[in-house]
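The values are calculated or read from the model by the stated rules, or taken from the named source; none is laboratory data. As the structure is a computational prediction, the values presented were derived from the model and not from experiment. As a convention, Cβ positions derive from the backbone with ideal geometry for all residues, glycine included, and neighbour counts pool all protein chains shown. To get the accessible areas, we keep the full protein, side chains included, count just its heavy atoms, and leave off ligands, DNA and RNA. Shrake-Rupley method; radii C 1.70, N 1.55, O 1.52, S 1.80 Å.
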Amino acid sequence: MAVKGWVTVIGLGLAVGAGAQTAGAPPAEFAASLSVNRVAPNYQLASQWTRAKVDKLVFDTAVAPHWFESGDRFWYSFKTSTGTAYYVVDAAKGSKAAMFDHVKLAAALTRITGLPFDGEHLPIEHLKLLDKDATLRFSLSVPRTAVIPGLAAETQEEIEQEDSADKEGGQEQGGRGGRAQNGPPKGKRDVYFEMDLATQAVKLLGDYKAPEREPQWAQISPDGKTVVFSRNYNLYLMDAASYALAVKDPNDAGVKEVQLTTDGIKDYAYGRDTLDSTNSEDLGKGGGSGRGGAAGGRGAKKDKSEHPRMPAVRVIWSRDSSRFVVTRADERKVADLWVIHSLHNPRPTLETYKYAMPGEVNVPQYELWMFDLATHKATKLNTDRFADQHVEVETEPETNREREALPEGQRAASIWLGGANDKLYLARISRDLHKVDYCVANLADGSVKPIVEERSNVYIMRQPLRLADHGQELLVWSERDGWGHYYLYGADGTLKHQVDQGQFVAGAVEAVDDTTGTLYFDAYGYKAGENSYDSHLYRISLDGAGMRPLDAGDATHRIAASDDGQYFVDTYSRVDTAPESDLLSTTGRVLKLETTDLKAAQAAGYQFPTPFTVKADDGITDLYGVMFKPFDFDAHKKYPLIEYVYPGPQTESVESTFNPRSQQMLLAQFGFVVIEVGNRGGSPQRDSWYHTYGYGNLRDYGLADKKRAAEELAQEYPFIDIHRVGITGHSGGGFMSTAAILEYPDFFQVAVSESGNHDNNVYNNTWSEEHNGIYEQDGKDGAAKFYFTIDKNSDLAANLKGHLLLSTGDMDNNVSMANTMRLANALIRANKRFDLVMLPGERHGYSSDTDYFFWRKADYFCQYLLGSSPHGADMQMLQREVADTGRK
């Protein structure tokens, strides 16, 4: 019988550790490097560069345009060390001017409120243009006890109710209480004002109340006249008048509802329970910029109407609001998974949700239903073709005008591509992702016709369909020649020609000009001699002629286009340059807007990280990376190396733009050289061969490249100690960092692995099957059978030689904690010392425990790569941070 490894209780609430001691003597090279070139952990330097400290040194890094209704003007705000300035840009004229006089506005607000303001400190929020862009509405947070003429004082009962709602909202987000996000600070309330932009006159809106955040359950039609929702597994609708009553009081007798379906049942419903799978901590969070994104507004304040209509449904509308479609998932045979709300009072509760794992027979079966509002008729669209297929409706991109016109707190309605009320486009995707059909559905009879068929022997990547020539042509993105490019099709599916071509990857469509037949799109790797991940904005005729860039500069360019595609706000940077923002026009004119203010950061000692290029383990493929060094760097000393990793394949976590709040930058300050570097099988921003390199080998495919990169850098830079190497990552990076220390136990001495999918047999079926591959074969009965195998980290547990710290949230409903527990069990069975931190109440992202675990991670690397770390119970640097910022 094997003897189990010993376990100690440490850390937050429940933190299980194994082995605070070094197992055996350290390697001779490691011991020598410690004794001769030892760098002491510099906690003091690190504490000066936390995110909260950086927020006081570096402010805005990009221009976010808010377009006027006219379409050729926009306003934006930009914060520097001199305060926040507000500007209006006339794109047609190529001019920029102050939106208002800050000093005069501060004086006006002081007169109105009796509270002191100045031009450098104007804490205005919730800016919105009204009256055809003639009036600006905004808010201020003022003390609840302030006596302001024209503003009704809050009663003590109202204050107590607000405090209770905010506390409740904070608990919903993370299980720990605290202030709601995006609301006014404690002890304050939002007061609204209007300014006439022509005269600069300001008035108090004493009786104005910001709209309540749109409740999670409500799906509002584009015309605002109809609300669709799900309850008791079925669909209902109400008109705008009933909706207004229901938001105030869900039990109001005046609320009139129409039931659209009656056959919905548990696990085969129209809609979903928002607490079933992912969102118990997400309800009420602000943010979201795309169609159907999260509501903005006051943050986590609980909706009065969320209880009786809690289940949510995603509705996609025709533009005229006459019809909508919903996806219905049959999950009756899908197995359950669970998390326990250990912190729930007065006693823990069980959360049950459906979760299909790779290779399982029973996975969700998807249907697409169309509803006609005039007749209330429901039609099931005939989408069936592939076994266990998935169906996605193609939607239109949200326009600037739609976004700016939305009432405060309301989500944009999702509108299907083209918006026509008689047809819609959809993608039908096989379970193994080897087959994708782009189809058009006839909504009159429910028939579905494939118009473009994509086939591959590896997983198929996709970009959203886009229309051209006033809806008569389709732009389809495909990797059929090994690189991602756009192809032009007729609306009937007839291929006309390839639009762009070459050894580069076309990215997102920024605009299509139907008048001139011009496509504006992002692309990666087109310019020789640049980092392959640098994106640029290009224009090309839809006939394939005249491709050329609209921007300039060796950098990554992020684009915000006007609705007519004539103007583009271009924010560009590299990891080693300050971001700049320009206004570009299709005529080639450039208007400089902003450059990020780095004076305070550089005066405090900030230094840019260093980009580098190394070869992959094949000696041929270029890998791009970034090196972070401590700001007190001494080239005559030897520094341990830490690799921050994420294997891909859907993304490659290597910084390409300026990010002064990077955790890798912060980790370096303790006395490490920290790198991010790509690997074959990483980013889809390169060719298909590169990003599918790991297909069929999802555990080991990137490890040799990570090891080779470290070795190359150590040869080039004498200050890197190749005998002291650590590795860390989150999620897929947690998976990869553990695989690395187990696959190369004599190379990687220390790994900190967060929430890793160490056993992909118990991760979700979609990601694992897509990127590792699943084999489909017809059985004797003619039905499709699926076979899945994948390597696991636990298979390598006996290889551990160094120090491994595992972490997981006990309520992770994405990468179940079972992944970490199975690995821990394998390590115990192999009689290995390791450490495990369990974070109570946390999901896949560590939310309010992020800072806590970062400092635990830093301690771990300091102890085992630098030879020492604090041993007391108090995390003094974190406690000082809390005291300085008031955060908990």
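Here the simple spin-label model places points 7 Å from the Cα toward Cβ, and for residue 208 and residue 248 these points are separated by 2.1 nm. In this simple spin-label model, placing a label point 7 Å from the Cα along the Cα-to-Cβ direction at both residue 453 and residue 38 gives a separation of 7.0 nm. If R0 is 45 Å, the Cβ-Cβ spacing of residue 375 and residue 48 corresponds to a FRET efficiency of close to 0.10.
Given a 1.4 angstrom probe, what's the average accessible area per residue across the chain, in square angstrom?
Numbers: 37420 Å² over 888 residues.
Per-residue accessible area for the chain comes out at 42 Å².
Each 10 Å bin from zero holds the following percent of Cα-Cα pairs in the range 574-687: 12, 35, 30, 18, 4, 0.
Give me the percent of Cα-Cα pairs in the range 726-849 that sit more than 18 Å apart, rounded to a whole number. Write out the running numbers ahead of the final one.
Working: 4011 of 7626 pairs.
Every Cα pair in the range 726-849 considered, those over 18 Å come to 53 percent.
When you filter the trypsin sites (Lys or Arg not before Pro) in the range 685-786 for DSSP loop state and at most 11 other Cβ atoms inside 10 Å of their Cβ, you are left with 780. Measuring only protein heavy atoms, the 1.4 Å probe finds residue 388 accessible over about 30 Å².
The residues packed around residue 400, meaning those with a beta-carbon under 12 Å from its beta-carbon, carry a net charge of -4 if Lys and Arg are +1 and Asp and Glu are -1. In order along the range 868-883, the phi-based Karplus estimate (6.51 cos²θ - 1.76 cosθ + 1.60, θ = phi - 60°) of 3J(HN,Hα) comes to 7, 7, x, 10, x, 5, 7, 8, 4, 5, 5, 5, 5, 4, 4, 5 Hz; Gly and Pro are listed as x. Full extension of the chain segment joining residue 602 with residue 874 gains 94.8 nm, where the gain is 0.36 nm per residue of separation less the Cα-Cα distance. Calculate the FRET efficiency for residue 781 and residue 335 from the Cβ-Cβ distance with a Förster distance of 30 Å, rounded to the nearest 0.05. After rounding to 0.05, the efficiency reads 0.85. Around residue 151, with a cut-off of 10 angstrom between Cβ atoms, what is the net charge of the other residues, counting Lys and Arg +1 and Asp and Glu -1? Local charge sum for residue 151: -1. Could you work out how much longer the chain between residue 362 and residue 661 gets when fully extended? Use 0.36 nm per residue separation minus the Cα distance between them, nm to one decimal. Net length gain for the segment: 103.3 nm. Residue by residue, the range 209-216 carries 3J(HN,Hα) couplings of 10, 4, x, 4, 4, 4, x, 4 Hz when phi is fed to the Karplus relation 6.51 cos²θ - 1.76 cosθ + 1.60 (θ = phi - 60°); x denotes Gly or Pro.
Placing R0 at 22 angstrom, the Cβ-Cβ distance between residue 110 and residue 81 gives a FRET efficiency of 0.45 after rounding to 0.05. Candidate cross-link partners of residue 96 among the aspartates and glutamates, defined by an alpha-carbon separation under 15 Å and a same-chain spacing of 8 or more, comprise 72, 582, 594. Going by Cα centres, the range 546-580 and the range 197-265 are how many Å apart? Between the Cα centres of the range 546-580 and the range 197-265 lies a distance of 39 Å.
Positive contributions from Lys and Arg (+1) and negative ones from Asp and Glu (-1), summed over other residues with Cβ under 10 Å from the Cβ of residue 390, come out at 0.
With an a/c value of 1.5 or above and a/b larger than b/c for the gyration tensor axes a ≥ b ≥ c computed over the alpha-carbon atoms, the range 425-577 is described as prolate. Gain on full extension, evaluated as 0.36 nm per residue between residue 722 and residue 595 minus their Cα-Cα distance, stands at 41.9 nm.
Of the residues 91, 127, 44, the one whose Cα sits farthest towards the positive end of the charge dipole of the range 42-134 is 44 (charges of +1 on Lys and Arg Cβ, -1 on Asp and Glu Cβ, taken about the Cα centre).
Take the alpha-carbon centre of the range 85-148, take the same for the range 348-412, and report the distance between them in whole Å. With the range 85-148 and the range 348-412 each reduced to a Cα centre, they are spaced 40 Å.
If you roll a 1.4 Å probe over the range 374-505 with all protein chains in place, what percent of the accessible area is carbon or sulfur? Here carbon and sulfur together make up 46 percent of the probe-accessible area.
In sequence order, the range 194-204 has phi-based couplings of 10, 10, 7, 5, 6, 9, 6, 6, 10, 9, 7 Hz under the Karplus curve 6.51 cos²θ - 1.76 cosθ + 1.60, θ = phi - 60°, and Gly or Pro positions carry x.
Here's the picture: a label point sits 7 Å out from the Cα of residue 613 along the beta-carbon direction, and within the range 710-733 the residues with their amide nitrogen under 19 Å of it are 710-717. Annotation note: trypsin sites (Lys or Arg not before Pro) in the range 228-263 located in DSSP loop regions with a Cβ neighbour count of at most 14 within 10 Å are 256. Surface calculation, 1.4 Å probe, protein heavy atoms: residue 247 sits at approximately 30 Å² accessible.
Would you mind checking the pairs 93/132; 496/527; 56/188; 354/832; 354/792 and listing those with alpha carbons more than 25 angstrom apart?
Working: 93/132 20 Å; 496/527 27 Å; 56/188 22 Å; 354/832 34 Å; 354/792 23 Å.
Pairs exceeding 25 Å: 496/527; 354/832.
Each listed q (0.24, 0.27, 0.29 Å⁻¹) maps to a log10 I(q)/I(0) for the range 489-551, found by the Debye formula over equal Cα scatterers with no solvent: -1.05, -1.23, -1.34.
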